[in-house]
Amino acid sequence: MSDSDIRKIIDGTYDDSREGSIRSMVSDFYSRQMLWTAAFIWSVGLVFFVVAIFCGIRFFGVDQTRDQILYATGFLTCVYLLGLMKIFAWQMLHRNSLAREIKRLEIRVAELVKSLDKQAGGGSD
């Protein structure tokens, strides 16, 4: 979250309805700071996808049952790992939104401390 967003939250002009949307999560995921993570997820996912396609094609091209079991197992394993990569990417999306919520709480606590200091200082005079 940038300083301007924090200032908007403090001023009360921040549009909170946009925060929880999938679109905003995806745009945060493909931001500059997450570039290497996104590239890693896409590259590993692409490798799993290619190997799954290869195993699927080879499954129908072999005659021995042992080889069919081998390629079927390879196909299922790659599809499973591809799903795990998607879950990892989803968790990275939620990590960013969780960090944003923690920053909002920090701002609220800072505002609360300021208001308590003003009340304590104003009441003792």
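Read the figures in this text as sums done on the coordinates, not as results from a lab. On a predicted model such as this, the values are computed, not experimentally measured, just so you know. Here the Cβ is made from the backbone with ideal geometry for all residues, glycine too, and neighbour counts use every protein chain on show.
Structure notes:
- Members of the stretch 81-117 found to be without any contact (Cβ under 8 Å) to a residue 40 or more places away in the chain and hydroxyl-bearing (Ser, Thr, Tyr), listed by number: Ser115
- Some residue of the stretch 96-119 being more than 25 Å from Met25 (Cα to Cα) and surrounded by 12 or more Cβ atoms within 10 Å (Cβ to Cβ): yes
- Just one of the listed residues (Tyr71, Tyr80) is in contact with a Lys or Arg (Cβ under 7 Å, 6 or more places away or on another chain) and on the phi < 0 side of the Ramachandran plot, and it is Tyr71.
- Residue count, the stretch 29-63 (criterion: outside any helix (DSSP H, G or I) and either of a type in the set (Ser, Thr, Tyr) or in contact with a strand residue (DSSP E or B) (Cβ under 6 Å, 6 or more places away or on another chain) (or both)): 2
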